[in-house]
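Chemist: Handing you this structure, nothing more for now.
The values are calculated or read from the model by the stated rules, or taken from the named source; none is laboratory data. Please read these numbers as outputs of a predicted model, since none were measured by experiment. Methodologically, a virtual Cβ is constructed for each residue, glycine included, from the backbone with ideal geometry; neighbour enumeration extends over all protein chains shown. Please note that ligands, DNA and RNA were not included when accessible areas were found on the heavy atoms of the full protein model with its side chains. Shrake-Rupley method; radii C 1.70, N 1.55, O 1.52, S 1.80 Å.
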Amino acid sequence: MQKLVWRVKLVADSGDGSATEIEVGRIEREAWADLETLGLSLSEEKRLVAAIQTEMVRAQASMMGERFRCCGHCRSPLSSKGYRQVTFRSLFGDVPLRIRRFENCPCREVLPKEPRSFSVLTLEGGMAPALAYVTAKFAALAPFGKVADLLAELLPIGGAINAGTARNRTRRVGERIARLRPAGAPDPEIDAVTPAVVIGLDGGYLRSRHRRPERNFEVIAGKVLNLDGSQHRFAIVSAGIRLGTPATVLSDGDAGLWKLQRQVMPKATLVLDWWHIAMRFEHALQAARGLGAGTASAYLHVYPVRDLEGDKWKLWHGRSSSCLGRLAKLANWFDSVHVRDVRGAVAARRHIADLIEYLHANRGALVNYGRRRHDGLRISTAFVESAVNEILSKRTIKKQQMRWNRCTRSVMTPLFCMLSRQCRRAPCL
């Protein structure tokens with residue numbers, strides 16, 4: 001039966017009129033084609049890409065050796081110091097190389113601590129930036145073992161890549177990202193006034209893989225919204241905000257988040273998230289609606305339900321003092337003799353007490369929510385939940401359950417932040 005044969009050749013043109021032709025692959029197919037034999041298979045694609053990568057890298061390394069054969073100043077030939085065996089690791093396979101070394105030319109003054117020889121090609125770590133990027137990108141979204149399996153399945157990566165390899169490569173990328181700023185970069189102008197921003201703060205906990213003494217630690221994530229509609233996410237990083245920047249900070253009332261705000265932006269306008277307030281009111285209302293259910297005292301639920309709805313209205317319109325006073329009276333009403341033994345009274349009393357405690361603890365952040373909503377200003381931290389999900393929860397809290405250890409705690413969080421969608425490169429605090 002007739003066959004189809006393709007020969008894949010790589011032609012290298014050195015620019016001086018000479019060309020080198022190398023066959024890097026041969027593919028055969030029967031004349032009859034079906035869905036399985038149509039086009040390239042995965043194994044053939046891997047072999048072709050790996051062969052092309054090998055020829056290109058070796059040709060480039062050889063050309064670099066010829067380029068540095070003579071001194072760039074006096075044009076005298078340099079003494080060879082042999083070759084160094086290295087392995088260049090890339091997305092398209094590992095390529096063994098012989099990198100040539102030369103002695104420094106006598107016409108050039110060599111400093112006391114400067115090496116007396118040099119390599120024509122410097123391979124820092126021997127790993128291509130593309131391989132480091134892809135490994136770290138997927139490692140920020142999936143377990144290390146899954147990332148290793150995915151890369152080994154789709155790409156012609158040489159060697160036995162495993163979870164440890166993916167973790168080490170990701171940690172090295174994180175260490176580079178976690179640097180404060182490039183050497184010689186000017187200090188930011190602290191007193192410079194920038195346009196007003198809205199900042200949302202939220203957090204989540206990472207579990208420790210060590211039993212003692214560490215347990216969990218909190219990662220604080222957030223989102224900054226600018227007046228022009230642009231936004232970016234961060235995780236304990238400086239977001240380009242100065243001391244004079246007019247800022248509004250929204251939070252769910254966590255004490256650690258308020259402490260961070262006081263340290264970084266003590267003059268910011270504080271707004272307690274309305275969604276968390278509304279949920280606590282709803283819990284109290286649900287308990288109040290069940291007061292005395294199925295008993296002769298079922299009529300008692302009318303008063304607390306009406307009172308809670310009125311208190312919620314007052315708080316929405318900025319009358320927090322009146323709201324707290326009415327809630328305290330309602331809590332005392334549940335302690336009266338004819339109410340405290342009614343079915344559901346204990347649960348309703350507990351929810352109201354929790355609501356009062358929550359509002360008292362965040363009293364300085366209670367604002368006129370109705371007016372802010374009418375003016376088109378934000379009253380909820382819903383916009384920052386996506387940042388927590390992308391930076392933290394998606395990778396470490398929900399289904400994947402990644403844990404932290406001592407050697408990766410300081411670099412993984414900045415890495416996940418930088419690799420999250422729409423994040424900007426910013427130094428850690």
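Chemist: Taking the Cβ of ARG98 as the centre, find all other residues whose Cβ is under 11 Å away and add up their charges (Lys, Arg: +1; Asp, Glu: -1).
Modeler: Computed value for this residue: +4.
Chemist: Using DSSP to define loop residues, name the trypsin sites (Lys or Arg not before Pro) in the range 63-148 whose beta-carbon has at most 11 other beta-carbon atoms within 10 Å.
Modeler: Counting only loop positions with at most 11 other Cβ atoms within 10 Å, the trypsin sites (Lys or Arg not before Pro) in the range 63-148 are ARG75, ARG108, LYS113, ARG116.
Chemist: I would also like to ask the following. What does the C-alpha gyration tensor say about the overall shape of the range 4-77? Classify as rounded when a/c is under 1.5, otherwise prolate if a/b is larger than b/c, or oblate.
Modeler: Cα axes put the range 4-77 in the prolate bin.
Chemist: Right, something else. In the range 1-105, what chymotrypsin sites (Phe, Trp or Tyr not before Pro) fall in a loop by DSSP, with at most 10 other Cβ atoms inside 10 Å? Write down the numbers at each step before the final one.
Modeler: Numbers: sites: TRP6, TRP32, PHE68, TYR83, PHE88, PHE92, PHE102; in loops: TRP32, PHE68, PHE92.
Answer by residue number: TRP32.
Chemist: Then there is this: Tabulate in residue order the Karplus-calculated ³J(HN,Hα) for the range 57-68, using 6.51 cos²θ - 1.76 cosθ + 1.60 with θ = phi - 60°, rounded to whole Hz; enter x for Gly and Pro.
Modeler: Along the range 57-68, the couplings run 5, 5, 5, 5, 5, 5, 5, 5, x, 6, 5, 9 Hz.
Chemist: Between the range 335-372 and the range 64-141, how far is it from one alpha carbon centroid to the other, in angstrom?
Modeler: Cα centres, the range 335-372 to the range 64-141: 69 Å.
Chemist: I've got another one for you. Between rounded, prolate and oblate, where does the range 223-375 land on the alpha carbon gyration tensor, with a ≥ b ≥ c its root eigenvalues, rounded for a/c under 1.5, else prolate if a/b exceeds b/c? Intermediate values should be presented prior to the final figure.
Modeler: On the way: a/c = 2.91, a/b = 2.65, b/c = 1.10.
Prolate, because a/c is 1.5 or more and a/b exceeds b/c.
Chemist: Also, quick follow-up: Could you derive backbone 3J(HN,Hα) for the range 335-345 from the dihedral phi with the Karplus parameters 6.51, -1.76 and 1.60 (θ = phi - 60°), listing whole Hz in sequence and x where the residue is Gly or Pro?
Modeler: 8, 5, 4, 7, 10, 5, 9, 6, 4, x, 5
Chemist: Which of LYS46/LYS146; LYS9/LYS81; LYS137/LYS267 have a Cα-Cα distance over 31 Å?
Modeler: Among LYS46/LYS146; LYS9/LYS81; LYS137/LYS267, the Cα-Cα distance tops 31 Å for LYS9/LYS81; LYS137/LYS267.
Chemist: Among the aspartates and glutamates, which have Cα under 19 Å from the Cα of LYS223 when same-chain residues fewer than 8 positions away are ignored?
Modeler: Reachable aspartates and glutamates: ASP202, ASP252, ASP254, ASP273, GLU385, GLU390.
Chemist: Just how far, in whole angstrom, is the range 253-312 from the range 16-48 if you go by their alpha carbon centroids?
Modeler: 67
Chemist: What is the set of long-range amide H partners of MET127 at a cut-off below 5 Å, with H atoms built 1.01 Å from backbone N?
Modeler: Those qualifying (amide H under 5 Å, at least 5 residues apart or on another chain) are ARG89.
Chemist: Just check the range 1-148 against the gyration tensor rule for me: Cα atoms, a ≥ b ≥ c as the square roots of the eigenvalues, rounded for a/c under 1.5, and otherwise prolate or oblate depending on whether a/b exceeds b/c.
Modeler: Oblate, because a/c is 1.5 or more while a/b does not exceed b/c.
Chemist: Roll a 1.4 angstrom probe over the protein heavy atoms and tell me the percent of accessible area of the range 49-144 that is carbon or sulfur.
Modeler: 57
Chemist: So which GluC sites (Glu not before Pro) in the range 1-74 pass both tests, a DSSP loop state and at most 14 other Cβ atoms within 10 Å of the Cβ?
Modeler: Those that pass, being in a loop and sparsely packed, are GLU36.
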